[in-house]
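K.L.:
Below is one structure. I have some questions about it.
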Amino acid sequence: MLEVVLDTLKDSIKLLPFLFVAYLMMEYIEHKTSNKTKQIVQKSGKFGPALGSILGIFPQCGFSAMAANLYAGRIITLGTLIAIFLSTSDEMLPILLSEAVPAQVIVKILAAKLLMGMLAGFIIDFVVRKFSKKEEKNKITEVCEHEHCHCEEGSIVKSSLKHTISVFLYILFISFILNTVIYLIGEDNLANIVLNKPVLGPILAGFIGLIPNCASSVLLTQLYLSGVISVSTMLAGLLVGAGVGILILCKVNKNRKENASIIGLLYVIGVVAGIVLEIIGFTI
């Protein structure tokens, strides 16, 4: 259990700089920019899925958390959020590098995640713009009110720290519970559940991917490297796995139905992609 506590602390502490930067950006936009500048920031989001998916493939366990915060404030679009969630690699890349996996294999895995994230993001944003009757407005103020931080009463640094500490404690508590459950069940038992079963493998891997911390990406990558699961099953789980981004989304975005829809959409895209790759015989 000591290892569980230490891992929880380590994973949670790594998020602090990402959370702080995200809140600092939101505070700056809210307090220091004009309405015209806010509109420019919002409208520039149509290219967000491309940039988000590219940045997401780098091993940043806290990047999805930052994206969730920015989406809650409507600084980025839904398509950008999904693109980041799908492409984010968390601990996958460091593990592949540490295991001396051939460079071309790593490039193919990253390219698959990047392209799927980017494609899904652009399609989602297109559909939202095409069929949504209401225009999304900046909601940074609502996020602040929901967190009861009284941002208008102090400096943006102080307000950002309040947000960061509040969310950090939330992550610490939830992550400890999740890590304890994984410890009690055992990684070997989880491995046997997704033992290269056609179609069922990606479906179950998707559920593992929904575990909202970096442990899911570690587990799925190790199972693939050990030959327990196929690359399509691994990708299904890794596409769904958004790290703690899902946790942060549920914490800062108070629309629970929307959160459930986003999580469901993320799961369906990841699993369907994994099944399609399995059917076409995708190999690396």
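K.L.:
Could you sort out which of Lys46/Lys158; Lys10/Lys257; Lys130/Lys158; Lys108/Lys130; Lys130/Lys254; Lys162/Lys257 sit more than 28 Å apart by Cα distance in this structure?
P.N.:
Pairs exceeding 28 Å: Lys46/Lys158; Lys10/Lys257; Lys130/Lys158; Lys108/Lys130.
K.L.:
Sorting check: for 98-107, 123-132, which peptide has the highest mean count of neighbouring beta carbons within 10 Å, and how do the rest follow?
P.N.:
Result, highest mean Cβ count within 10 Å first: 123-132, 98-107.
K.L.:
Please sort 234-245, 65-76 by packing, taking for each peptide the average over its residues of neighbouring beta carbons within 10 angstrom, highest first.
P.N.:
Details: 234-245: 30.3, 65-76: 26.3.
Highest-to-lowest ranking by the protection proxy: 234-245, 65-76.
Any read-out appearing in this document is the output of simple, stated calculations on the displayed coordinates, not a laboratory observation. Because the structure is a prediction, the values reported are computed rather than measured. Neighbour counts are summed over all protein chains in view; Cβ atoms, including those assigned to glycine, are modelled from backbone coordinates with ideal geometry.
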